[in-house]
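Below: one structure, written as structure tokens.
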Amino acid sequence: MNKKLWAALFLLCLLGLLAGCSKKENTNEEQGSSPSSEVKPAPASAPIDPATAARVSGTVTFGGTTPKGQKIDMSQDAACKGNNMAETIVANDGKLANVFVYVKEGLGDRTFDTPKDSTTIDQKGCQYHPHVLAVMTGQNIEIKNDDDTTHNIHPTPKDNREWNESQPPKAAPIEKSFAREEIMLPVKCNQHPWMKMYVNVVKSPFFAVTGADGKYEIKGLPPGNYTLAFVQEKMGEQTQKVTLAAKDSKTVDQGFKP
Amino acid sequence: MPAVPRASCPRSGGRDARQRAGGDAGATQTSEEPLLKAIAIPYNRAHHRFAVFAASATFLLIVAGALVTSNDAGLSVPDWPTSFGSLYKIPRLVGGVKFEHTHRMIAQFVGFLSIILAAWTGRADPRRWMKWLGVTALGLVIAQGILGGLTVLFYLPPAISSAHAALAQTFFCVVVLIALFTGRNWLEEIPQVEIRHDQNDAPRPLFTLSLLSVFVLYVQLVLGAMFRHHGLSWWPHVLNAATVAIVLAWTSIRALLRYSGIDSVRRPAITVLALMIAQLYLGFVAFLTRVAWGHDAVQPELPMVISTVAHVAVGALLLATTAVLAVEVWRHSPVSVREHIPGRERKAVAA
């Protein structure tokens, strides 16, 4: 065979390898990014005066046709007898649930104490409850297993430490926390591959997750100019700017489109 | 290509062959030394059958491993080398544990088979390189077990998971070759070997082409494994499929044309062609079910699992068959008259 032909074939293979290596598949692009990189430093400020604290609330809506819910096949494990619909997009009458809302910009370099009370993740019916959780950095998370089967809890963070622990039925709760800010940190159970949830970790207490009615409320904000971020696990992040005066109560609605 | 005389070299009762080979080689081959490719070794049926069994078990292990990945069950047992803290207790085989722990149990069994195979080959096979091949298989299976453990302990890093996938098929090829080299066909077949006496170092283009086939397939295996384990996009694997198809088709057709009358070459050449067509089809279906239709799936869906596992399994068979083809082409390709049995192995009866 011609030597040039050999060389061409070899180069083709090599190019395929090199070109492929140059781009790593990123499956989490639409899940938001770490807020820490975008927060502008602001001057140090005084402690928040409760007498002037403002409030922002609103409704997150889903525009367009609500996607048909995806059914989960739980037949792999007879002990799994829960709601078998996926929670990727949960919209009722156009109101979007499970949207994480937080103050992305405007708090400056204020620091906040980590809450002493724990927040809970419950594994029940082979699904995580809640589907979207929000906590502060360092806040304790108590993970319970109310199912008659073993689960494993496996967060796959970008900025925090990854871990993977199994939890037999009725075992003592596992207590964990996340040290760094991270938005839409995926958590999954490798034993039941449909079990997925997201944990949002931020430094401030000004956040909320929309309920089934699409509503949210953030209280106790000091007067100022803020950027509110609305993050949905599949549709990504949207932001709105809002100015709050002392004792203000403003409504900021947000719409998502597929 | 210069005209070369052909000599039929019977592998057993080889005096005729040696004389003919020596005769064809002219003045450069005056002794009655047997050709390297034609060493008579007594066929050991039990050893050969055990090697075939080990190869079959390894194939089953590859399928079990593919099921783990396709079902996203790689970390369902979070510890290693124990499973949920125990070395011997079988956990409740539900959900992902069913795939992961079954894979571990088959892997332990294959590891056990590899120890026996290496020891048996060391004792029963007089060929020194075969003893080393047995030891190599054992080393590979140990390395493979360690990689499997590391990928669990480090939460499936793409590089380690891909290396685990690639080494699995490397080990499979080695065990398949052990089965080939211990087979009756290999030991007793009469190879139709050409003797080149005009160009001692003449190139053997078909053999080189068959080696290239193994190489491009291995590159394809690595690209596929990296895509499957989230270390790479899908397109390098898909793009390289065209190169693989061209090289494999070219090799097989040339082998069929060149050695149409030799079963031991014709059979793997036809099998490579058939497996390659099946593999292209499976690759297309796997792409549809995983990339095009399945990227939003809430859990691994059956069509995706079936097509991707079949793609891995047929890929393993294709790589092993291509390796067999390369070996058979080497065996039947023209030999230099300089290629003689080393002195220490001359006691082997030829042919």
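Below, the figures for the structure above:
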item: Rounded Å value of the spacing that divides the Cα centres of segment A:178-244 and segment B:259-326; result: 44 Å
item: Charge context of B:Q108, other residues only, Cβ under 14 angstrom, K/R +1, D/E -1; result: +1
item: Segment B:46-182, accessible surface, carbon-and-sulfur percent (1.4 angstrom probe); result: 75 percent
item: A:A172 versus A:S118: modelled label distance in nm, points set 7 Å from Cα along the beta carbon direction; result: 1.0 nm
item: Threshold 30 Å², segment B:136-180 residues less accessible with all protein chains present than alone (1.4 Å probe); result: B:Y155
item: Overall form of segment B:150-191 per C-alpha gyration tensor (a/c, 1.5; a/b vs b/c); result: prolate
item: Number of partner chain Cβ atoms within 10 Å, mean per residue of B:89-97; result: 6
item: Shape call, segment A:87-143: gyration tensor on alpha carbons, a/c limit 1.5; result: oblate
item: Low-density loop cleavage sites - trypsin sites (Lys or Arg not before Pro) in segment A:132-173, where at most 10 other Cβ are within 10 Å (DSSP); result: A:R161, A:K170
item: Net charge over other residues, Cβ less than 15 angstrom from the Cβ of B:A323 (K, R count +1; D, E count -1); result: +1
item: Heavy-atom accessible area per residue - segment B:46-182, 1.4 Å, Å²; result: 42 Å²
item: Low-density loop positions, chymotrypsin sites (Phe, Trp or Tyr not before Pro), segment A:49-118 - DSSP coil, at most 14 other Cβ in 10 Å; result: A:F112
item: Net charge dipole size for segment A:51-138 [Lys, Arg +1 and Asp, Glu -1 on Cβ; Debye, nearest 20]; result: 200 debye
item: Drop in accessible area of at least 50 Å² in the complex versus isolated chain, residues of segment B:279-320, 1.4 Å probe; result: B:D296, B:V298, B:Q299
item: Under 14 Å, Cβ to Cβ, from B:L256 - net charge with Lys/Arg +1 and Asp/Glu -1; result: +2
item: Calculated FRET efficiency for the pair A:A246/B:A159, C-beta based, R₀ 41 Å, to 0.05; result: 0.15
item: Electrostatic dipole magnitude of segment B:43-136 [Cβ: Lys, Arg +1; Asp, Glu -1; Cα centre; debye, to 20]; result: 480 debye
item: Distance in nm between pseudo-label sites at B:Y43 and A:E165 (7 Å out along the Cβ direction from Cα); result: 6.1 nm
item: Per residue value of the accessible surface for segment B:202-333 (all protein chains in place, 1.4 Å probe), Å²; result: 39 Å²
item: Number of partner chain Cβ atoms within 10 Å, mean per residue of A:189-198; result: 6
item: Segment B:43-110: chymotrypsin sites (Phe, Trp or Tyr not before Pro) in DSSP coil with no more than 15 other Cβ atoms inside 10 Å; result: B:Y43, B:Y88
item: Positive-end residue of B:L217, B:I253, B:T321, charge dipole of segment B:202-333 with Cβ unit charges; result: B:I253
item: Residue-wise HN-Hα coupling along segment A:127-138, computed from phi with Karplus coefficients 6.51, -1.76, 1.60 (Hz; x: Gly, Pro); result: 9, 8, 10, x, 7, 10, 10, 10, 9, 8, 4, x
item: Set A:K144/A:K257; A:K104/A:K257; A:K71/A:K196; A:K95/A:K247; A:K176/A:K241 screened for pairs whose C-alpha atoms are more than 25 Å apart; result: A:K144/A:K257; A:K95/A:K247; A:K176/A:K241
item: For segment A:113-203: rounded, prolate or oblate by the Cα gyration tensor [a/c cutoff 1.5]; result: prolate
item: Accessible surface buried upon A-B contact (total; probe 1.4 Å; Å², nearest 100); result: 3300 Å²
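The values are calculated or read from the model by the stated rules, or taken from the named source; none is laboratory data. Please read these numbers as outputs of a predicted model, since none were measured by experiment. Neighbour counts run over all protein chains shown; Cβ positions are idealised from the backbone, glycine included. Surface areas here come from the heavy atoms of the whole protein model, side chains and all, with no ligands, DNA or RNA. Shrake-Rupley method; radii C 1.70, N 1.55, O 1.52, S 1.80 Å.
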